[in-house]
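Heads up, the thing below is written out as structure tokens.
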Amino acid sequence: MTQREQVHDSPTGWVAEHINDYVESDGAKGHMWKGVPTLLLTTLGRHSGKRRRSALIYGRLGDAYVVVGSKGGAVNHPLWYLNLRANPEVEIQVGPERLKAHARDATEEERPGLWEQMTGLWPAYNDYQKRTDRQIPVVVIDPI
């Protein structure tokens, strides 16, 4: 397996454990986390070229998936978001299903409704937004 083919999981301990459980169980463990659905997002590192995997809460928009780049309200965007901005062709795993996809920011028209949907799933997103001056991204992931 080459460096590009190998997937590098989040270095954050509990996130890495979540991802490992998700992958090892083919989504049986980890898809539902604290009562909300999660997916695994794999992006291509914008500087390193390495494949990077994160676990994210998701909602739906038709056949598409919706995720939020909150990073707990940190000053900077999460690295996965910066990576998909540089290269929007991503991979996701939703339960046992693995898909190639294209990621994009929600449009100005989509954003209010999607933000409401996502804060309905995870109310803490509202608190995260209060902690930062940046607009937390709402991302739509369209399977290819």
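Which strands (runs of 3 or more DSSP E) sit wholly inside segment 1-62 and have at least 2 residues that are in contact with a His (Cβ under 8 Å, 6 or more places away or on another chain)?
Values: elements: 7-9, 36-44, 51-57, 59-61.
Result: 36-44, 51-57.
Before we move on, is Val66 β-branched (Val, Ile, Thr) and closer than 14 Å to Asp105 by Cβ? Working first, answer last.
On the way: β-branched (Val, Ile, Thr): yes; closer than 14 Å to Asp105 by Cβ: yes.
Spelling it out, Val66 is indeed β-branched (Val, Ile, Thr) and closer than 14 Å to Asp105 by Cβ.
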Residue list for segment 103-126, restricted to those being in contact (Cβ under 8 Å) with a residue 12 or more places away in the chain and either touching a Leu at 6+ places or on another chain (Cβ under 9 Å) or polar (S, T, N, Q) (or both) | Ala103, Arg104, Ala106, Glu110, Leu114, Gln117
Residue check: is Ala101 touching a strand residue (DSSP E or B) at 6+ places or on another chain (Cβ under 7 Å) and modelled with pLDDT of 95 or more?
-> yes
Filtered residues of segment 82-96 (kept if in contact with a Ser or Thr (Cβ under 8 Å, 6 or more places away or on another chain), among the aliphatic types (A, V, I, L, M) and closer than 9 Å to Arg46 by Cα) | Leu84
Return the total of residues in segment 77-98 being touching a residue at least 24 places away in the same chain (Cβ under 8 Å), at negative phi and part of a loop (DSSP other than H, G, I, E, B).
-> 4
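The values are calculated or read from the model by the stated rules, or taken from the named source; none is laboratory data. Owing to the predicted nature of the structure, the values given are computational and were not obtained by experimental measurement. Cβ atoms come from the backbone with ideal geometry, glycine included; neighbour counts cover every protein chain shown.
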